[in-house]
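Heads up, the thing below is written out as structure tokens.
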Amino acid sequence: MKKSNFKKMLVLVLSFAMVLAFTACGGGGGGDEGGSGGSGDGKSITLFNSKSEIQEDFENLAKVYEEQTGVHVEVYYSQDTVSAHLATKYASKAPYTINMVDAKDIYSLGKQYGADMSDMAWVGDTDYAISVDDKVLGFPTCIECRGILYNEAAIKGALGEDFDPASIKTLDDFKAMCDKLVAAGMDAPTAILGPDWSLAAHYLQQVYEEREDPEAFVQSLYKGEADLMSDAKFNALMDTFDVLKEYNQFKTQGSNAEDELVHQAMSEGKDAFQFGGCWEWNDLLTYDYNGPVGIMPVPQNLEDDYTGKLVGGGAKYFYVDGSEYTSEADQEAGKAFLEWLASSDEGKTFVSDTCGMVSPFKSNTVPCTNDIGKVVKEYVDAGLLVPNYDYDPDDHYSKLGIEMKKYLDNACTREELAKAIQDYWASTTPVEH
Amino acid sequence: MKRNTLSYKVKQYLMFGGVGTALFCAVVIVPFIYGIYLTFTSWDGVSPNKPFVGIANYVAAFADHDYWLAMGRTVIYSVFSVVLINVLAFALAYLVTSGVKGQNFFRAGFFIPNLIGGIVLGYVWKFVFNRAFVAIGTAIAGHDVPSLLASPNGAMFCLILASVWQYAGYMMLIYVAGFMSVSDSLKEAAMIDGCTPSQAMRNVTIPLMRSSFVQCIFLSITRCFVVYDVNLSLTKGDPYGQSIMAAMHVYNTAFTYKNYGMGQAEALILFIVCAVIGITQVMVGKKGEVEA
Amino acid sequence: MTQNEKAAAAKKRNHAIMITVLILLFLFFIMPFILVLINVFKDKADIVTSPLALIGAHGFTLKNFPEAMAKMDFFNVFKNSLIITICSTILTILVSAMTSFVIVRNGKWKMCTAVFALMVASMVIPFQVLMVPLVSVYGGIFGILNSRITLIFMHVGFSVSMATFMFHGAIHTNIPLELEEAALIDGCTRWQTFWKIVFPLLKPTIATVAIIDAMAFWNDYLLPSLVLTDKAIYTIPIATQQFYGTYSTDIGLVMAALVLAMLPILILYLFLQKYIVAGVTSGAVKG
């Protein structure tokens, strides 16, 4: 009896599977062209977005675009590493029509696959487009800057007086301010984010960027000629880092401090200063935001041409796939979408208002809704930016991130850090660009 | 009917094993062979050109100090995890088949960790180690204490604990099936013959469950050797890259550092090491298997 | 106290110890799950501030569920996950049970040993190694990605080795050869023998493989994300990916999606329990 039951079950389950398989066949759309690439006729294109926080807004924008132009833009995101994800798209010969990548990827991916956008109207409207071999390949989505975030409300709450970021010119000023805050009852007024991208790609990176000729300096590092311990910029920035460490709210956890807690402390005003940038805005908003939060240059006891300037520039670049896998019509449709993103009212509102990003386009006068972005915009308009250096080797941030973490956790001395950085560069093959 | 001719055997094989073997070859073997070819190129993963470089990637892989460090770490991690997973899984399986009240309920509970995967698992454990343990430690010590995840040994301990927690319930399933398939009449017969329960366990049940042991140990070795998800979501290689396991190193080399050919070569070496250990274990284990 | 009473008391004590150990282990095992359940009713700020509190400062909220469901297009992705998981699991079981049967019963043939060794070895290949070659072949050359059928076949291809490995052990030790020979003498073909005698006897292993594979297919992210590119055929794990970010992860939504996705597997497990518990050979030999 038991056996026949089992047989009935088997027959039932099998027939169910068959039915499902047929449904799957019918509803699955089959294997059309085998990819997410466009339709080929320029009526339907794909876009890869690597900023997860604006994914939903981007999908909404795509709907607006379809209503206006009839061109369908499908917006994708992946939790896998961007380079790994795009590698699989190219391996299956079905790349996205428009791809959002970091600036340095434009010099590799964009150079190999990007379509030339030199004749597009938006090119004249921005100072941040990326060109390789006289071809414009990279479309900047926004401007991102790095510096010290400060929470005005927290400082005012502790000291009872308005905070003027312009009063902090040198490290000594900064330290005096921290001492004042401690005296007023704020135990630990600073915080440091622990991830390698923040410590190495954002903080350490300033050592290369804040000088006359970053390229020459990096070349001297490759050759093993640079001596960081006698370098004024390196020491000035590390002196500041030491002060940030001294007043660090998350001192015990060091590089293991959780990003969420660091962001929450800044958002709710539990501390006053944190090294970071304007992209953290969306994150700050998820807590009980008590601001405004602004951004100021990293204070250093070294007066030079870079004092009073933020480090940053264009970020999150789009390139249009110009390879054989994307039809001419789709390429044109992709370029048209970018043009629309830069010049239409909807596109401008999307960037500055909906997403709270700082627009890299001069014609965009829509006010930025991001408190940090507003401050960044002032620096941009006043021309007080130190440009990014975009030619780091791919393993730079993770390998030197490890060294910076050690320094943050007092697991190595400054001499050891300097030596580790020099050794890294000297043993690395120079990046061609 | 001639049962021993080659054509009869091939026909039999194709009838029963044809579909399975074909799918297996198509999905695993073909890409794997193509992957081996890629180890002889200096491909970056996306470029249309795949320059042939001979064995340069293997030379580089053997000289890659970080890779061998990661491999050493993986071995240590695997030894601890495999032993603990199997001891715990066997004990759990024994407890939940011994006829205690609510054993189905317990089985479901031990199985639950398998339903939480990837980033949530990492997030939950990270919270446990970084916040709950720290809060308890701080209360005991009277001052702030650093998290276990902040020291290399601590991070390793956390990884092992999370893995044991995740896989013990999974392996328990296989041991439970093993316990259930040893017929009660055999056990009863042994008891009638004068065996104590523990003797019956040692002399009847365990030998008959040999295939379960072989399977569980093999599965846990292979899972541990190629651990990636938990590694990524729980430690990301921190502190100071000292919890980077071999699979994570391979992934970084191939995709983050865009050195696809070399990453693939390192993965192949990892595969060979793991395959040798795993297959030896299975062959030794299978030899002593009791046939029904 | 008589001998019997002593034995009974000892048995009772053992039982109590066992129950205590079980309960402690049980708590350890479900603790993270409890944490998920507690936090799924809070907003992100509360999850970060006070993950242990039953109700956060912003109060009890159900908003994570509708928000996650809307963002994921829940019913559609649920249907896709269901179709893919059920078809892949059934196919894997049928195909692997047959393959392992022919391998075990032709154990002396070198070709079978070779196939088996190859399958066992393949189980240690990290998936990341295969992913780029896999899409190069099936996307680049054949162009058959972006279909649920392709994904089902790939799932089967990847899991056939482990399932065969498990059935191999079960057939080898637990299926008496005499039963099959008796059936053959009675005039059954090998094909009939397999389906009438061997397959039903494999029930506990079938249930184990079913639950393990169903769970793996249901939760798999990497392979589906490579194969399925059209949003209409996304599965649950791919649909939740937009909750994960580089700078921040919307953990409230992730947890809601997780709770929604977990239920079917738990139900399946409780259902299959019966077969795992049922036992096999005992019944067959006696019957």
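Selection over segment C:88-130 of residues that are part of a helix (DSSP H, G or I), among the basic types (Lys, Arg) and surrounded by fewer than 19 Cβ atoms within 10 Å (Cβ to Cβ) gives a count of 1.
Answer yes or no: is there a residue in segment A:310-322 that is part of a loop (DSSP other than H, G, I, E, B) and either at pLDDT 90 or above or touching a Gly at 6+ places or on another chain (Cβ under 6 Å) (or both). Within segment A:310-322, one or more residues are part of a loop (DSSP other than H, G, I, E, B) and either at pLDDT 90 or above or touching a Gly at 6+ places or on another chain (Cβ under 6 Å) (or both). Could you tell me which residue of segment B:121-144 is nearest to the other protein chains (Cβ to nearest Cβ), considering only residues that are more than 19 Å from residue B:157 (Cα to Cα) and part of a helix (DSSP H, G or I)? Only one residue tops the list, namely B:138.
Hey, could you check segment A:257-290 for residues that are away from chain B (no Cβ under 14 Å) and of a type in the set (Gly, Ala, Ser) and say which is nearest to residue A:148 (Cα to Cα)? In this case the residue turns out to be A:276.
Residue B:168 passes every criterion in (1) part of a loop (DSSP other than H, G, I, E, B); (2) under 15 Å from the mean Cα position of the chain (by Cα) apart from (1).
Helices (runs of 4 or more DSSP H) fully within segment B:9-99 that include at least 2 residues being free of Cβ contacts under 8 Å to residues at least 12 places away in the same chain and touching a Leu at 6+ places or on another chain (Cβ under 9 Å): B:30-38, B:65-96. Would you mind stating whether residue C:142 is within 29 Å of residue C:86 (Cβ to Cβ), of a type in the set (Phe, Trp, Tyr) and more than 9 Å from chain A (Cβ to nearest Cβ)? So residue C:142 fails the test.
Restricting segment B:1-46 to residues that are aromatic (Phe, Trp, Tyr) and within 18 Å of residue C:132 (Cα to Cα), the residue that is farthest from the other protein chains (Cβ to nearest Cβ) is B:40. On the stretch given as segment A:63-87, residues that are over 22 Å from the mean Cα position of the chain (by Cα) and assigned to a helix (DSSP H, G or I) total 7.
Contact map, segment A:393-414: residues that are more than 9 Å from every other protein chain (Cβ to nearest Cβ) paired with residues that are of a type in the set (Lys, Arg), Cβ distance under 7 Å, separation 6+ or inter-chain. Pairs shown: A:408/A:245; A:412/A:406. Summed over segment A:217-273, residues that are in a loop (DSSP other than H, G, I, E, B) and either acidic (Asp, Glu) or under 26 Å from the mean Cα position of the chain (by Cα) (or both) total 13. Taken together, C:104, C:36 contain a single residue that is in contact (Cβ under 8 Å) with a residue 24 or more places away in the chain and touching a His at 6+ places or on another chain (Cβ under 8 Å), which is C:104. The one condition from (1) under 29 Å from residue C:169 (Cα atoms); (2) within 22 Å of the chain's Cα centre (by Cα) that residue C:36 does not meet is (1).
Of the residues B:82, B:145, B:96, only one is at pLDDT 80 or above and either surrounded by fewer than 23 Cβ atoms within 10 Å (Cβ to Cβ) or not hydrophobic (A, V, I, L, M, F, W, C) (or both); which?
Details: B:82 fails: either surrounded by fewer than 23 Cβ atoms within 10 Å (Cβ to Cβ) or not hydrophobic (A, V, I, L, M, F, W, C) (or both); B:96 fails: either surrounded by fewer than 23 Cβ atoms within 10 Å (Cβ to Cβ) or not hydrophobic (A, V, I, L, M, F, W, C) (or both).
None of the other options fit; the residue is B:145.
The residues of segment C:92-105 that are among the aliphatic types (A, V, I, L, M), under 13 Å from residue B:21 (Cα atoms) and more than 7 Å from chain B (Cβ to nearest Cβ), listed by number, are C:94, C:97. When you look at residue A:175, is it under 17 Å from residue A:297 (Cβ atoms), in contact with an Asp or Glu (Cβ under 7 Å, 6 or more places away or on another chain) and in a helix (DSSP H, G or I), yes or no? Here the answer is no, as residue A:175 does not meet what is asked.
Specify which of the listed residues (C:281, C:246) is closer than 27 Å to residue A:85 by Cα and at pLDDT below 80. After ruling out the rest, the residue left standing is C:246. When A:254, A:313 are screened for being buried (at least 20 other Cβ atoms within 10 Å of the Cβ), small (Gly, Ala, Ser) and more than 9 Å from every other protein chain (Cβ to nearest Cβ), only A:313 passes.
One line per residue, one yes/no per condition, for (1) under 26 Å from the mean Cα position of the chain (by Cα); (2) of a type outside the set (Val, Ile, Thr):
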position: B:5; (1), (2): no, no
position: B:29; (1), (2): yes, no
position: B:66; (1), (2): yes, yes
position: B:72; (1), (2): yes, yes
position: B:76; (1), (2): yes, no
position: B:85; (1), (2): yes, no
position: B:91; (1), (2): yes, yes
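For segment C:40-72, how many residues are part of a loop (DSSP other than H, G, I, E, B) and of a type in the set (Ser, Thr, Tyr)? Qualifying residue count, segment C:40-72: 2. Identify, please: which residue in segment C:21-39 is at the interface with chain B (Cβ under 7 Å from one of its Cβ atoms) and closer than 21 Å to residue C:260 by Cβ and is, among those, surrounded by the most Cβ atoms within 10 Å (Cβ to Cβ)? By that ranking, first place goes to C:36.
Within segment A:85-101, the residues that satisfy the criterion of being within 11 Å of chain C (Cβ to nearest Cβ) and surrounded by fewer than 22 Cβ atoms within 10 Å (Cβ to Cβ) are A:85, A:93. Just the residues that are part of a helix (DSSP H, G or I) and surrounded by fewer than 16 Cβ atoms within 10 Å (Cβ to Cβ), please, taken from segment C:156-193. Selection gives C:177, C:178, C:181, C:182, C:184, C:185, C:191, C:192. For segment B:251-271, the condition of being within 11 Å of chain C (Cβ to nearest Cβ), out of contact with any strand residue (DSSP E or B) (no Cβ under 8 Å at 6 or more places or on another chain) and not in a helix (DSSP H, G or I) holds for none of the residues.
Any residue in segment B:110-118 that is among the aromatic types (Phe, Trp, Tyr) and within 13 Å of another protein chain (Cβ to nearest Cβ)? Checking segment B:110-118: at least one residue is among the aromatic types (Phe, Trp, Tyr) and within 13 Å of another protein chain (Cβ to nearest Cβ).
The values are calculated or read from the model by the stated rules, or taken from the named source; none is laboratory data. Worth saying up front: this structure is predicted, and the values here are computed from it rather than measured. All Cβ positions, glycine included, derive from the backbone under ideal geometry; neighbour counts span all protein chains shown.
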